[in-house]
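Shown next, in C-alpha coordinates, is the structure this report addresses.
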Amino acid sequence: MRRGAFVLLVASFLAHGGAPARASDIPGAVIVLQAAPGTPGSDPAAAPPRFVLLKDGLVFVGGTERLEAGRLDKAEAAALQKRAEAVRKLPGVSRGPIALGGDVARTMRLWLREGPVEVAATGDPAAAPPALAPLASLLSDLLAFHHPSLRPYAPSSYAMSVREARLVGGCRSWGFAFPIAQALGGPRAVTAAEASGWPTGAVAASVCADDRRYAVTLRPLLPGEQP
(Lines give C-alpha, C1' and ligand atoms only; values in the text may rest on other atoms or scores of the structure.)
Protein backbone atom coordinates (compact mmCIF):
# COMPACT_ATOMS: atom_id res chain seq x y z
CA MET A 1 0.00 0.00 0.00
CA ARG A 2 1.34 3.46 -0.88
CA ARG A 3 2.02 5.82 2.02
CA GLY A 4 -0.64 8.32 0.86
CA ALA A 5 -3.33 5.65 0.88
CA PHE A 6 -2.14 4.44 4.27
CA VAL A 7 -2.37 7.96 5.71
CA LEU A 8 -5.96 8.23 4.46
CA LEU A 9 -6.83 4.92 6.13
CA VAL A 10 -5.24 6.09 9.38
CA ALA A 11 -7.25 9.31 9.23
CA SER A 12 -10.40 7.26 8.75
CA PHE A 13 -9.42 5.08 11.70
CA LEU A 14 -9.06 8.09 14.02
CA ALA A 15 -12.27 9.68 12.78
CA HIS A 16 -14.46 6.60 13.01
CA GLY A 17 -12.99 4.55 15.81
CA GLY A 18 -11.18 2.05 13.61
CA ALA A 19 -14.13 -0.23 12.89
CA PRO A 20 -17.62 0.17 11.41
CA ALA A 21 -19.16 -0.42 14.84
CA ARG A 22 -18.38 1.90 17.74
CA ALA A 23 -16.64 0.42 20.77
CA SER A 24 -19.70 1.33 22.84
CA ASP A 25 -21.78 -0.99 20.62
CA ILE A 26 -20.01 -4.07 21.99
CA PRO A 27 -22.47 -5.43 24.58
CA GLY A 28 -21.09 -5.43 28.12
CA ALA A 29 -17.73 -3.88 27.20
CA VAL A 30 -15.89 -1.93 29.91
CA ILE A 31 -12.53 -1.45 28.15
CA VAL A 32 -11.94 -1.54 24.39
CA LEU A 33 -8.70 -0.82 22.54
CA GLN A 34 -8.68 -0.48 18.78
CA ALA A 35 -5.35 -0.19 16.99
CA ALA A 36 -4.57 0.06 13.29
CA PRO A 37 -2.79 -3.14 12.20
CA GLY A 38 0.71 -2.80 10.84
CA THR A 39 0.31 -5.49 8.20
CA PRO A 40 1.08 -4.02 4.75
CA GLY A 41 -2.04 -3.67 2.62
CA SER A 42 -4.43 -4.25 5.54
CA ASP A 43 -7.64 -2.28 6.05
CA PRO A 44 -7.76 -0.71 9.56
CA ALA A 45 -11.53 -0.26 9.35
CA ALA A 46 -12.05 -4.03 9.29
CA ALA A 47 -9.50 -5.03 11.95
CA PRO A 48 -10.78 -6.84 15.04
CA PRO A 49 -10.43 -4.83 18.27
CA ARG A 50 -6.98 -5.29 19.80
CA PHE A 51 -8.38 -5.77 23.31
CA VAL A 52 -11.85 -6.04 24.84
CA LEU A 53 -12.78 -6.60 28.49
CA LEU A 54 -16.42 -7.36 29.27
CA LYS A 55 -18.00 -6.69 32.66
CA ASP A 56 -18.30 -10.44 33.33
CA GLY A 57 -14.52 -10.90 32.98
CA LEU A 58 -14.51 -12.26 29.44
CA VAL A 59 -11.55 -10.89 27.50
CA PHE A 60 -10.84 -10.82 23.76
CA VAL A 61 -7.48 -10.14 22.12
CA GLY A 62 -7.31 -9.44 18.39
CA GLY A 63 -4.70 -9.41 15.66
CA THR A 64 -4.90 -8.48 12.01
CA GLU A 65 -7.38 -11.23 11.14
CA ARG A 66 -8.63 -13.15 14.17
CA LEU A 67 -9.43 -13.04 17.88
CA GLU A 68 -8.61 -15.06 20.97
CA ALA A 69 -10.94 -15.30 23.96
CA GLY A 70 -10.33 -15.96 27.65
CA ARG A 71 -11.54 -15.02 31.10
CA LEU A 72 -9.95 -12.95 33.87
CA ASP A 73 -10.65 -13.58 37.54
CA LYS A 74 -12.27 -10.81 39.60
CA ALA A 75 -8.97 -9.49 40.92
CA GLU A 76 -7.40 -9.32 37.45
CA ALA A 77 -10.41 -7.55 35.95
CA ALA A 78 -10.61 -5.13 38.88
CA ALA A 79 -6.90 -4.27 38.52
CA LEU A 80 -7.39 -3.34 34.85
CA GLN A 81 -10.45 -1.24 35.64
CA LYS A 82 -8.51 0.58 38.37
CA ARG A 83 -5.83 1.47 35.83
CA ALA A 84 -8.54 2.62 33.40
CA GLU A 85 -9.91 4.89 36.12
CA ALA A 86 -6.47 6.51 36.49
CA VAL A 87 -6.47 7.20 32.73
CA ARG A 88 -9.97 8.66 32.90
CA LYS A 89 -8.80 11.18 35.50
CA LEU A 90 -5.97 12.55 33.35
CA PRO A 91 -6.66 16.24 32.52
CA GLY A 92 -8.03 16.71 29.00
CA VAL A 93 -7.45 13.10 28.04
CA SER A 94 -10.52 12.88 25.80
CA ARG A 95 -10.47 16.37 24.28
CA GLY A 96 -8.58 15.46 21.13
CA PRO A 97 -5.89 13.21 19.63
CA ILE A 98 -2.96 12.77 22.01
CA ALA A 99 0.54 12.66 20.51
CA LEU A 100 2.58 10.19 22.52
CA GLY A 101 5.76 10.72 20.51
CA GLY A 102 7.38 8.54 17.88
CA ASP A 103 5.69 7.37 14.69
CA VAL A 104 2.54 9.46 14.14
CA ALA A 105 1.23 6.85 11.66
CA ARG A 106 0.66 4.47 14.58
CA THR A 107 -2.87 5.04 15.84
CA MET A 108 -4.90 3.78 18.78
CA ARG A 109 -8.31 4.44 20.26
CA LEU A 110 -9.10 3.50 23.86
CA TRP A 111 -12.72 3.40 25.05
CA LEU A 112 -13.58 3.28 28.75
CA ARG A 113 -17.12 2.58 29.89
CA GLU A 114 -16.98 4.85 32.93
CA GLY A 115 -17.64 8.37 31.70
CA PRO A 116 -17.73 7.11 29.01
CA VAL A 117 -14.32 8.24 27.80
CA GLU A 118 -12.71 7.84 24.38
CA VAL A 119 -9.00 8.49 23.97
CA ALA A 120 -7.47 8.84 20.50
CA ALA A 121 -3.69 8.55 20.51
CA THR A 122 -0.89 8.49 17.96
CA GLY A 123 2.70 7.34 18.31
CA ASP A 124 4.58 4.97 20.59
CA PRO A 125 3.52 4.56 24.24
CA ALA A 126 7.18 4.02 25.14
CA ALA A 127 7.91 7.59 23.96
CA ALA A 128 5.14 9.23 26.01
CA PRO A 129 6.01 12.04 28.46
CA PRO A 130 5.80 11.32 32.24
CA ALA A 131 2.48 13.19 32.56
CA LEU A 132 0.87 10.53 30.34
CA ALA A 133 2.41 7.56 32.17
CA PRO A 134 -0.95 5.98 33.24
CA LEU A 135 -2.18 6.07 29.64
CA ALA A 136 1.09 4.93 28.10
CA SER A 137 1.46 2.04 30.55
CA LEU A 138 -2.09 0.81 29.98
CA LEU A 139 -1.79 1.06 26.19
CA SER A 140 1.53 -0.82 26.21
CA ASP A 141 0.12 -3.65 28.31
CA LEU A 142 -3.11 -3.97 26.31
CA LEU A 143 -1.26 -3.95 22.98
CA ALA A 144 0.88 -6.88 24.19
CA PHE A 145 -1.79 -8.52 26.37
CA HIS A 146 -1.45 -12.22 27.08
CA HIS A 147 -3.30 -14.47 29.48
CA PRO A 148 -3.06 -18.24 30.00
CA SER A 149 -6.81 -18.66 29.45
CA LEU A 150 -6.71 -17.29 25.88
CA ARG A 151 -7.86 -19.65 23.15
CA PRO A 152 -8.81 -19.11 19.47
CA TYR A 153 -12.25 -17.52 19.20
CA ALA A 154 -14.66 -18.84 16.58
CA PRO A 155 -17.22 -16.09 15.87
CA SER A 156 -20.71 -17.09 14.85
CA SER A 157 -20.96 -14.17 12.43
CA TYR A 158 -18.96 -11.47 10.66
CA ALA A 159 -19.60 -7.89 9.59
CA MET A 160 -19.16 -7.80 5.83
CA SER A 161 -18.14 -4.53 4.17
CA VAL A 162 -17.82 -4.06 0.42
CA ARG A 163 -16.38 -1.16 -1.52
CA GLU A 164 -15.51 -0.76 -5.17
CA ALA A 165 -11.71 -0.97 -5.48
CA ARG A 166 -8.99 -2.61 -7.56
CA LEU A 167 -6.62 -4.52 -5.31
CA VAL A 168 -3.27 -5.85 -6.47
CA GLY A 169 -3.43 -9.35 -7.96
CA GLY A 170 -6.28 -11.47 -9.23
CA CYS A 171 -9.82 -11.70 -7.96
CA ARG A 172 -12.34 -14.32 -6.90
CA SER A 173 -16.00 -14.68 -7.79
CA TRP A 174 -18.68 -13.34 -5.45
CA GLY A 175 -20.30 -16.63 -4.40
CA PHE A 176 -22.72 -15.33 -1.73
CA ALA A 177 -26.48 -15.97 -1.95
CA PHE A 178 -27.32 -12.25 -2.18
CA PRO A 179 -26.23 -9.80 -4.92
CA ILE A 180 -23.08 -7.81 -4.20
CA ALA A 181 -25.07 -4.60 -4.74
CA GLN A 182 -26.96 -5.35 -1.51
CA ALA A 183 -23.70 -5.28 0.44
CA LEU A 184 -22.55 -1.91 -0.91
CA GLY A 185 -24.97 0.11 1.22
CA GLY A 186 -23.20 -0.63 4.51
CA PRO A 187 -21.95 -3.45 6.74
CA ARG A 188 -24.17 -6.52 6.99
CA ALA A 189 -23.92 -9.71 9.01
CA VAL A 190 -22.95 -13.00 7.40
CA THR A 191 -22.72 -16.31 9.21
CA ALA A 192 -19.48 -18.14 9.90
CA ALA A 193 -20.59 -20.81 7.44
CA GLU A 194 -21.08 -18.21 4.70
CA ALA A 195 -17.66 -16.70 5.47
CA SER A 196 -15.83 -20.04 5.39
CA GLY A 197 -12.81 -19.94 3.10
CA TRP A 198 -12.70 -16.13 2.92
CA PRO A 199 -10.02 -13.83 4.38
CA THR A 200 -11.17 -12.22 7.63
CA GLY A 201 -10.41 -9.10 9.62
CA ALA A 202 -8.24 -6.44 8.02
CA VAL A 203 -7.22 -8.69 5.11
CA ALA A 204 -9.44 -7.79 2.16
CA ALA A 205 -10.48 -10.16 -0.60
CA SER A 206 -10.48 -8.95 -4.21
CA VAL A 207 -13.77 -9.82 -5.93
CA CYS A 208 -14.83 -9.58 -9.57
CA ALA A 209 -18.58 -9.18 -10.11
CA ASP A 210 -20.80 -7.42 -12.65
CA ASP A 211 -17.72 -6.42 -14.69
CA ARG A 212 -16.36 -4.49 -11.70
CA ARG A 213 -13.82 -5.14 -8.95
CA TYR A 214 -14.44 -4.86 -5.23
CA ALA A 215 -12.64 -5.13 -1.88
CA VAL A 216 -14.51 -7.32 0.60
CA THR A 217 -13.70 -7.52 4.32
CA LEU A 218 -15.18 -9.69 7.06
CA ARG A 219 -14.74 -8.33 10.60
CA PRO A 220 -15.27 -10.94 13.37
CA LEU A 221 -18.23 -9.99 15.58
CA LEU A 222 -18.16 -10.45 19.36
CA PRO A 223 -21.08 -12.07 21.24
CA GLY A 224 -24.20 -9.97 20.80
CA GLU A 225 -22.46 -7.40 18.57
CA GLN A 226 -24.22 -6.17 15.44
CA PRO A 227 -22.55 -4.82 12.24
Among the residues of the stretch 171-210, the number that are aromatic (Phe, Trp, Tyr), closer than 23 Å to residue 67 by Cα and in contact (Cβ under 8 Å) with a residue 24 or more places away in the chain is 0
Taking the stretch 128-140 and keeping residues in contact (Cβ under 8 Å) with a residue 24 or more places away in the chain and either closer than 19 Å to residue 47 by Cα or within 16 Å of the chain's Cα centre (by Cα) (or both) leaves 139
### Message
Among the residues in the stretch 166-175, are any at pLDDT 95 or above and of a type in the set (A, V, I, L, M)?
### Response
no
I'd like to know if the stretch 167-180 contains one or more residues that are aliphatic (A, V, I, L, M), surrounded by 16 or more Cβ atoms within 10 Å (Cβ to Cβ), farther than 17 Å from residue 52 by Cα and in the same structural domain as residue 54 (by TED's automatic domain parsing). no
All-but-one check, residue 145 against (1) touching a residue at least 60 places away in the same chain (Cβ under 8 Å); (2) assigned by TED's automatic domain parsing to the domain that holds residue 70; (3) over 22 Å from the mean Cα position of the chain (by Cα), failing number (3)
So, first residue more than 16 Å from residue 105 (Cβ to Cβ) in the stretch 28-50, second residue among the polar types (S, T, N, Q) and crowded, with 24+ Cβ neighbours inside 10 Å, Cβ within less than 6 Å, six or more apart or across chains; the pairs are 46/217; 49/34
When every residue in the stretch 196-211 that is in a strand (DSSP E or B) and buried (at least 17 other Cβ atoms within 10 Å of the Cβ) is compared, the one farthest from the chain's Cα centre (by Cα) is 209
Considering every residue within the stretch 81-102, establish whether at least one is part of a helix (DSSP H, G or I), closer than 27 Å to residue 203 by Cα and touching a Gly at 6+ places or on another chain (Cβ under 8 Å). no
All-but-one check, residue 132 against (1) modelled with pLDDT of 95 or more; (2) surrounded by fewer than 17 Cβ atoms within 10 Å (Cβ to Cβ), failing number (2)
Query raised in the report: In this structure, does residue 50 turn out to be among the charged types (D, E, K, R), in the same structural domain as residue 81 (by TED's automatic domain parsing) and at pLDDT below 85?
Result: no
Go through the residues of the stretch 65-79 one by one and say whether even a single one is closer than 15 Å to residue 110 by Cβ, aliphatic (A, V, I, L, M) and not assigned by TED's automatic domain parsing to the domain that holds residue 168. no
Check your understanding: Somewhere in the stretch 93-103, is a residue at pLDDT below 95, more than 28 Å from residue 154 (Cβ to Cβ) and acidic (Asp, Glu)?
Key -> yes
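The values are calculated or read from the model by the stated rules, or taken from the named source; none is laboratory data. On a predicted model such as this, the values are computed, not experimentally measured, just so you know. Backbone-built Cβ (ideal geometry, glycine too); neighbour counts: all protein chains shown.
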